[in-house]
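To start, the structure under review is shown below, and the notes come after it.
The values are calculated or read from the model by the stated rules, or taken from the named source; none is laboratory data. Fair warning: this is a prediction, and the values are worked out from it, not measured in the lab. Cβ: placed from backbone, ideal geometry, glycine included. Neighbour counts: every protein chain shown. Accessible surface is based on the protein model in full, side chains and every heavy atom, while ligands, DNA and RNA are left aside. Shrake-Rupley method; radii C 1.70, N 1.55, O 1.52, S 1.80 Å.
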Amino acid sequence: MPFPTAISKDVQSVEFYKKRSVGARLDVWPFCVLYALIVAKAALHVSNYEWSALTTASYALGGVGLLHILTLLLSEWSTRCKAAIWYFRAKSLDDADAVLIIPVKFAGKMELVGLERRTLREGLKEWEELAFDFRKQRFVYSEESNSFTKLAFPTKELFSTYMKATGHGTTAKALAAHDKYGLNAFEVPVPPFLKLLRGHLVAPFFCFQVFCVLLWMLDEYWYYSLFTLFMLVTFECTVVQQRLRNLGELRGMQTPKQHVHVYRCGKWELLSGEGLLPGDLISIGRPVGGPNSEAKVVPADCLLLDGTCIAEEAVLTGESTPTWKVPACELDPNEKLNIKQHKNHVLFSGTKILQHTPGKGARIRAYDGNCLAYVLRTGFETAQGRLMRTIMFSTENVTANSLEAGLFILFLLVFALAAAWHVLSNGLQDPERDRFKLLLNCVMIITSVIPPELPMELSMAVNASLMALAKKKVFCTEPFRIPFAGKVEVCCFDKTGTLTSDHLLLEEVVVPSESSRPNAHRVMATCHSLVHVPSGENPEEKEIIGDPLETAVLEAVEWSYGSDVARSPDGSVTATILHRHHFSSNLKRMSAVLRVADSKATGGARYEAVMKGAPEVIKKSLVSAPSDYDQLYKRYAAQGSRVIALAYREFGSEQDVSLDEIKALTRDQVEAQMTWAGFAILSCPLKPESEPALAQLRASSHQLVMITGDAPLTACYAASKVHIVTRDVLVLGHRSEEKGQVVHGPSASKGGVHEDTDADYVWVSPDEQTQVPFSRDFSNLVELASQYDLCLSGDALTYVHSLGLSPSIVPLCQVYARVSPEQKELIVKTMRGLGRTLLMCGDGTNDVGGLKAAHVGVALLSASESANRSKKDSKAKGKGGKAGKGGASGTEVASSEGTNKKPMGKGQKNLEALRARGRTITPRMEEFAKYLDSLEAEESMLKPGDASMASPFTAKATSVMPCTDIIKQGRCTLVTTVQMFKILGLLCLSTAFSLSVMYLQGVKMSDKQATLNGMLTAALFFFISQAKPCAQLSAVRPHPTIFNPYFFISLLGQFCVNLSLLMYMYHLAYKETPEEDRLKPDAEFKPNLVNSVTYMVEAMVQLSTFTVNYMGHPFNNSISENKIMFNVLKWMAIFLTVVLFNLVPGLGESFGMVVIPQHIQLQLFALGIGAFLFNYTLEHTLRVKFPAPIPKEKGYMDYYNEGRKRKAD
């Protein structure tokens, strides 16, 4: 029987292993054998009095020990290596006790997890479960399909099943469910500091860094070695501290589980929220006790069975609009639950209940007048748990130790190996050379090409950018994505709430005739999901909250509304909402049933149905539509307006129709035979900063794309206003959409299911004057894209993807409209798979998939409704305090003001403590206190609980302007990283040469000289990392990688110049040095002319390298604007000049130097300046000759020549 597979979109394949015993592990028995053989061999030689063999045995033991340590570390570094060393492949599933899980591309790293076998019982029934846990999800083995599938929750049952549910009827059933599903908790473990630090200290790069430090110690460079080791350990400690802080914030997202009433064993019990199980019935509602009582948080994903709720889902969606939740008893009992389609009936974990209305129709009455709900999912399978998993298990781990750094090191390694070979071959020819010192020197040469400070220097550049972005209220959870922002080629934007405002304006109501205008107004005033919730401290005061579109419409028609009753402006018409059929994204419409009482009309009150929705959908329900219906709404849509169709239907008066008959009507019956009442034309204005921000991005060589759930015509109009669309547009859509049919994949028809064909799709211009049949031919698609800007609708994308044409069509389009959250992620991943570097900007949970899939995901934060209300309350409270100030006593006024004061930050607290001690506070101390408080404020900008935490970047802003800041900072970091690579490369090549050729001639540095060089290098790298980006984005782009002609010609050219200078000055000094002062390779350091001249050359080269390779405009501020670095270079040049010409007697001697003859001084000074000028000219000439590639303005341009060639063939 073949091994089973794992069915999951995140898992590519699984492999099964069995653990070896400790003695059989490959990191134990082979080395035990080798150690025993070496010891036995050494003992044999010692017994024969061959003492020289002990030295060989010591070397052998050391070598095997190093190999043993490396093998142990390989288990830490590589999951695949751990599987090979600790385990062997299982012969059968019964034999396996571990699973190696290989995820799909862009879904993180492989993991090795245990395979668990346990016995489950329910009453007399007993069975064995075989399962494993992967990223907080449980996969259970199914013999039928021979596969591991995710643990099934009761989320796809018939609604009749849920309505008949009675909870867990016995204790045995509850215990069985507990064994199966576990606790309703999602713990985010925060490991101890030392445990996390251990993980960092065994990382490959850190182990190598420590190895290098030990080598320098063996060569007796104690100060330099200890200084380097201190920097490395301190850096790792700060990284660990940051990780602990991030994990703490993640734990803060966990909403504490409140107690809830659960119906078990035929009675209501008060249990902890952690004890909830799928299948439980719970009683939930808004807490009693006024607005100051603890808000009720939904403890798990639940299906609402009875009663209605208003829920705030900002913790999941990031959107402020509360959602109306209605009971599932209104749905067809024979229909299956689909959480995405029926989300209006589901209460999601972590959301808050703002208001509830008890139900009366359930078989089991909810406790204490609350709503009745059925628990669907618990723990990490809830909506909030899934969000936590998205954050915890990022798409990939982006770090400084990238492949690019590895390849660059391999390039440098070629030079190091050549130098080491030169030293080894020369050293072996000298029988007097110390073999240990020779071997040590060769190893040091090889390791010198991998600078120990590389990860630290790269991290410094990233951390500086992190702080700069935080000052602009942009926060980053994955810091090493910042350099990706400098490589961005394509910028994708959501529309509503991102480029355009959430606040809609009712521009016009288009009606068939003026006499029907009251009908249109009545539809707009009653067909909505607006609700009344308590406002402020006074529970009697209420405010209307809900969809901004519906709020704007209600205000515009000037009807009053409260508690399901709407009144006309003159009070003559009163419409009571009897029942709502809520909006569904699949149906694209909503409706309501009313009782309308008109004091001006005769015949008493009447029953009526009202409906609104997408014009093409409403058209199907009309008795008859005007001939210009389509032309009318499309004209407004093409102007960028949002068009809502309005319709109504009269059932008759109360005398003709009974209330029971009205209540018995199904949704389909209510929404049939409607009369058109008009179109509501709403505008969604662009945010003021959208156009300038996208103009900057376009001018700085970025492709612009819009991905939105809005209608194609509206999206294309908005795109034309922000430089995304610059030519005539063609929209690829389904022909049936014009007939009002909702199409998703296969089209439904009376004869069954109709599979779409190419003929069902057509490219259409907004005015419908141009129509081009859809063709799969790539050359035709490219030709079309060269003439028009293209828009793809969600249905067309579904069809295109089913054909496998996504990689061909997606890069050619500028706008994607009517797309689902999953399709947003598909678009981003498709472009990414084609090698594009993407930025995605959005504002809600519907964008999270795209934000995580993009290289640079930017989430815009908006305050939740409850946060807005609390802000209003605090303002009102503040005004109230001021109003009462006149009649209050001094004590009362102080108390009143104190309650409204901002809490003091750490800086201000420290100042107050110093004042209390009688210390004088200087302006400098006040500035520092303000700086500390600003850092604290920046930390609190992003509060745990926002859905946007799933995004790598989060901007505390409502506009897209932070995208330009992120790209500016990304370019700044990218060029800083590239110049760091080049500087480190030049310094490492110089070091390798010094340790090889110069070392053979006895040239060495003193410990003080090495320490000074190390400190200066670290300081200059730090100052480089503090460079600030230019204010304006440039059309010139930085090189996205170090592997380009400019980088390597510059690197090798400068190295040759520096090497020539060093060799010339060395030979000049060597001739002047007396024979007795010349040092042998293994000799201790002693000041002489050769050492002094060589050190001066290396110091000059160091300064020249930093100055020449500094990258300023058009990405960073210039070297003269980087004041600290400029001053350090200036004073260091002065210092070297003073030492060279011995202007301060004794200064050079303190650093292990001798006085240099005057003719050598002048030559060194002149040649040093000449080398600097040559390198500077070479570097800047190469920047002009080899600029970075600039992406094409439109996606089709990358394929145009290829498409034309195919067409010609």
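Quick one: Karplus J couplings for the stretch 267-282, per residue in order, coefficients 6.51, -1.76, 1.60, θ = phi - 60°, nearest Hz, x for Gly and Pro?
8, 7, 10, 8, 10, 5, x, 5, x, 5, 10, x, x, 6, 9, 10
May I ask which of 105/982; 105/180; 19/105; 325/352; 473/1192; 156/824 have a Cα-Cα span longer than 23 Å here? Could the numbers behind the result be given before it?
Details: 105/982 31 Å; 105/180 31 Å; 19/105 27 Å; 325/352 12 Å; 473/1192 31 Å; 156/824 25 Å.
As for pairs spanning more than 23 Å Cα to Cα, those are 105/982; 105/180; 19/105; 473/1192; 156/824.
Under 25 °C and 0.890 mPa s, how fast does the stretch 554-597 diffuse according to Stokes-Einstein, given a Kirkwood radius computed over C-alpha pairs? Answer in µm²/s, whole number.
Working: Rh = 11.5 Å.
Rounded to a whole number, D works out at 213 µm²/s.
I'd like the GluC sites (Glu not before Pro) in the stretch 31-115 restricted to DSSP loop residues with at most 13 other Cβ atoms within 10 Å, sorted by number. Don't skip to the answer; put the middle values down first.
On the way: sites: 50, 76, 111; in loops: 50.
Those that pass, being in a loop and sparsely packed, are 50.
Quick one: pull the percent of accessible area on the stretch 1001-1185 belonging to carbon and sulfur, 1.4 Å probe, ligands and nucleic acids left out. The partial results should precede the final answer.
On the way: 5710 of 8230 Å².
Carbon and sulfur together cover 69 percent of it.
Please arrange 1015, 1100 by accessible surface area, largest first, computed with a 1.4 Å probe and ligands excluded. Can you show the working numbers first?
Details: 1015 100, 1100 35 Å².
Reading off the accessible areas and sorting them downward yields 1015, 1100.
Per residue, how large is the accessible surface of the stretch 5-140? Use a 1.4 angstrom probe and give square angstrom. Working shown, then result.
On the way: 8070 Å² over 136 residues.
The answer is 59 Å² per residue.
For the stretch 567-606, with only Lys/Arg (+1) and Asp/Glu (-1) charged at the beta-carbon, what is the dipole magnitude about the Cα centre, in debye rounded to 20? Intermediate results must be reported in sequence, preceding the final value.
Details: 7 positive and 2 negative charges, 36 e Å.
It comes to approximately 180 debye.
So who's got an amide H within less than 5 Å of the one on residue 652, skipping anything under 5 residues away but keeping other chains? H placed 1.01 Å off N, in plane.
Amide H neighbours of residue 652, under 5 Å, 5+ apart: 607.
Would you mind computing Rg(Cα) / (2.2 N^0.38 Å) for the stretch 670-719, counting N as its residues? Please report the intermediate quantities before stating the final value.
Numbers: Rg = 17.1 Å, N = 50, 2.2 N^0.38 = 9.7 Å.
In units of the globular-protein estimate, the stretch 670-719 measures up at 1.76.
Please list 3J(HN,Hα) in residue order for the stretch 1017-1033, calculated via the Karplus relation 6.51 cos²θ - 1.76 cosθ + 1.60 where θ = phi - 60°; whole Hz, with x for glycine and proline.
Result, ordered by residue: 4, 4, 5, 5, 4, 4, 5, 4, 5, 8, 4, 9, x, 5, 5, 10, 5 Hz.
Take the solvent-accessible surface of the protein heavy atoms, probe 1.4 Å, and return the percent of it on the stretch 260-394 that carbon and sulfur atoms account for.
Ligands and nucleic acids excluded, carbon and sulfur give 47 percent.
Taking loop as defined by DSSP and a crowding limit of 11 other beta carbons within 10 Å, which chymotrypsin sites (Phe, Trp or Tyr not before Pro) in the stretch 29-112 fit?
Numbers: sites: 31, 35, 49, 51, 59, 77, 86, 87, 88, 106; in loops: 49, 51, 106.
Those that pass, being in a loop and sparsely packed, are 49, 51.
With a bin width of 10 angstrom, please list the P(r) values of the stretch 77-206 as percents of all Cα-Cα pairs, from the 0 bin to the one holding the largest distance.
Each 10 Å bin holds this share of Cα pairs: 9, 27, 34, 19, 9, 2, 0.
Calculate one ³J(HN,Hα) per residue across the stretch 560-576 by plugging θ = phi - 60° into the Karplus curve 6.51 cos²θ - 1.76 cosθ + 1.60, and present them in order as whole Hz with x for glycine and proline.
8, 8, x, 6, 6, 10, 10, 10, 5, x, 8, x, 7, 10, 10, 10, 9
Give me Rg over Rh for the stretch 1001-1185, both radii from the alpha carbons and Rh done the Kirkwood way, two decimal places.
Using Cα coordinates only, the ratio equals 1.01.
Could I have the simple spin-label model distance between residue 572 and residue 144, label points 7 Å from Cα toward Cβ, reported in nm to one decimal?
6.5 nm
Accessible area per residue for the stretch 260-394 in Å², computed with a 1.4 Å probe and the full protein assembly in place, what is it?
On the way: 5000 Å² over 135 residues.
Averaged over the residues of the stretch 260-394, the accessible area is 37 Å².
Taking the full set of protein chains and a 1.4 angstrom probe, give the accessible area of residue 115 in square angstrom, rounded to the nearest 10.
Here the residue's solvent-accessible area equals roughly 20 Å².
So what does residue 1118 come to for accessible area, using a 1.4 Å probe and Å² rounded to 10?
About 30 Å², rounded to the nearest 10.
At 20 °C and 1.002 mPa s, grab the translational diffusion coefficient of the stretch 260-394 from Stokes-Einstein with a Kirkwood Rh over Cα pairs, rounded to a whole number in µm² per second. Please report the intermediate quantities before stating the final value.
Values: Rh = 15.1 Å.
The diffusion coefficient I find is 142 µm²/s.
Of the heavy-atom accessible surface of the stretch 109-213 (probe 1.4 angstrom), what whole percent is carbon and sulfur?
C and S atoms contribute 57 percent here.
Return the distance in nm (one decimal) between the two label points of a simple spin-label model at residue 40 and residue 1049, each offset 7 Å from Cα along Cα→Cβ.
Here the modelled spin labels are 6.3 nm apart.
For a paramagnetic label modelled at 7 Å from the Cα of residue 97 toward its Cβ, which residues of the stretch 1-23 fall within the zone defined by backbone nitrogen distances under 11 Å?
18-22
Using a 7 Å offset from the Cα along the Cα-to-Cβ direction at both residue 241 and residue 765, what is the distance between the two label points in nm, to one decimal?
6.4 nm
Show me the trypsin sites (Lys or Arg not before Pro) within the stretch 96-139 that DSSP assigns to loop and that have at most 15 other Cβ atoms within 10 Å of their Cβ. Mind showing how you got there, number by number?
Numbers: sites: 105, 109, 117, 118, 121, 125, 135, 136, 138; in loops: 105, 109, 135, 136.
Counting only loop positions with at most 15 other Cβ atoms within 10 Å, the trypsin sites (Lys or Arg not before Pro) in the stretch 96-139 are 105, 109.
If amide hydrogens are placed 1.01 Å from N in the peptide plane, which non-local residues have theirs closer than 5 Å to the one on residue 500?
So residue 500 has HN proximity to 687.
What length, rounded to one decimal in nm, is gained on full extension from residue 226 through to residue 1173, with 0.36 nm per residue of separation minus their alpha-carbon distance? Kindly include the intermediate steps, with their values, before the conclusion.
Details: separation 947, 0.36 × 947 = 340.92 nm, distance 3.60 nm.
Full extension from residue 226 to residue 1173 adds 337.3 nm.
Expressed in nm to one decimal, what extension gain is obtained for the pair residue 443 and residue 1080 from 0.36 nm per residue of sequence separation less their Cα-Cα distance?
So the chain would gain 227.4 nm between residue 443 and residue 1080.
Using r as the Cβ-Cβ distance of residue 1123 and residue 1143, and R0 as 30 Å, what FRET efficiency do you calculate, to the nearest 0.05?
The formula returns an efficiency of 0.70 here.
Can you bin the stretch 5-140 into rounded, prolate or oblate? Criterion: square roots of the alpha carbon gyration tensor eigenvalues sorted a ≥ b ≥ c, rounded for a/c under 1.5, prolate for a/b above b/c, oblate for the rest.
Working: a/c = 4.92, a/b = 2.46, b/c = 2.00.
The shape class here is prolate.
Rank these by accessible area, largest first, 1.4 Å probe: 839, 686, 175.
Details: 839 0, 686 60, 175 105 Å².
Largest to smallest exposure gives the sequence 175, 686, 839.
Residue 669 to residue 631: FRET efficiency via 1/(1 + (r/R0)^6), r the Cβ-Cβ distance, R0 30 Å, to the nearest 0.05?
On the way: r = 30 Å, r/R0 = 1.02.
Efficiency at R0 = 30 Å is approximately 0.50.
Going by amide H atoms built from the backbone, whose H comes under 5 Å of the H on residue 857, apart from near neighbours?
Those qualifying (amide H under 5 Å, at least 5 residues apart or on another chain) are 840, 953.
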